[in-house]
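S.K.: The following block contains the structure, expressed as structure tokens.
The values are calculated or read from the model by the stated rules, or taken from the named source; none is laboratory data. Not measured: the values here are computed from a predicted model. Using ideal geometry, Cβ is built from the backbone for each residue, glycine included, and neighbour counts are taken over all protein chains shown. Quick note on the areas: whole protein, heavy atoms, side chains included, nothing else; ligands and nucleic acids left out. Shrake-Rupley method; radii C 1.70, N 1.55, O 1.52, S 1.80 Å.
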Amino acid sequence: MPEKPILKRGSTVTSLFTLIILIAAGLFAIYFILQKTGLVPKIGQGETKEENATGSFMGMEILRIINFKDSKGVARKFIIIKSGEEGGIPKASAYITNKDLSGESAIKISTLSDDSTLGYTAGRVPIGGAGLTISVSQDKGPKYVVLTQTVAGASTITIIEETGEVISDDVVNKVYNIAGDKCRCGITFDSWDGKNKFQVRVKTEKGEAYIATVDVTSGIVLEDLKKV
């Protein structure tokens with residue numbers, strides 16, 4: 001009975017591995033050149049960038065800072081600050097300001113002013129399942145901030161235009177109205193979907209997942225839920 005061949009150091013496996021590395025390096029180089037020339041889009045590189053929140057704004061502790069560029073290409077910051085406490089519960093407010101955090105340029109967000117839920121979700125230490133996500137639109141034209149807060153499974157989604165105008169804070173209720181008997185469910189921001197639209201993910205108690213598409217300029221849910 002013939003002996004099974006033994007692969008030695010420097011054999012076919014090594015050569016194949018080297019070939020794979022060279023092919024991968026070549027493909028990456030081609031992609032890099034095409035990306036630099038603008039022939040392919042830059043994937044996963046939006047304008048939203050969260051900065052380490054340190055320091056203060058108008059004498060109040062900064063909890064979150066999101067950097068973005070407005071429709072004119074001007075650097076702006078969406079910030080959340082701790083504005084006080086009541087009965088040991090922190091309160092927070094949100095502003096849009098310039099890159100220098102100038103108080104004179106700051107626009108206070110009306111529905112996110114001295115808000116205890118925002119203080120809870122934006123805190124440095126997560127408390128009891130509290131969560132906060134912030135995402136800024138990436139298309140040309142006016143920029144929109146979508147802020148999702150979750151406490152004990154209940155969510156609120158607020159859409160804010162770059163001028164500080166609150167477009168809607170009723171997205172979750174609109175999704176509930178469409179979902180009907182599919183919910184009790186959790187609703188969270190999922191992703192941007194082309195120009196002036198974003199998707200929210202709806203997860204039911206049974207573990208089913210759905211997607212709903214929202215018009216960022218109005219907060220209107222554009223279509224029925226789609227199972228994913």
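S.K.: Pairs only if they're at least six apart or on different chains, beta carbon under 6 angstrom, first in the range 204-221 and among the basic types (Lys, Arg), second open to solvent by less than 30 Å² (accessible area, probe 1.4 Å); list them, first residue then second.
M.R.: If the second residue must be open to solvent by less than 30 Å² (accessible area, probe 1.4 Å), no pairs are left.
S.K.: Restricting attention to the range 93-137, which residues are closer than 17 Å to Ile157 by Cβ, open to solvent by less than 50 Å² (accessible area, probe 1.4 Å) and touching a Phe, Trp or Tyr at 6+ places or on another chain (Cβ under 8 Å)?
M.R.: Within the range 93-137, Ala94, Ile109, Ala130, Ile134, Ser135, Val136, Ser137 qualify.
S.K.: In addition: Might you let me know whether the range 74-91 holds any residue that is open to solvent by 50 Å² or more (accessible area, probe 1.4 Å), modelled with pLDDT under 90, farther than 30 Å from Gly186 by Cβ and assigned to a strand (DSSP E or B)?
M.R.: Within the range 74-91, not a single residue is open to solvent by 50 Å² or more (accessible area, probe 1.4 Å), modelled with pLDDT under 90, farther than 30 Å from Gly186 by Cβ and assigned to a strand (DSSP E or B).
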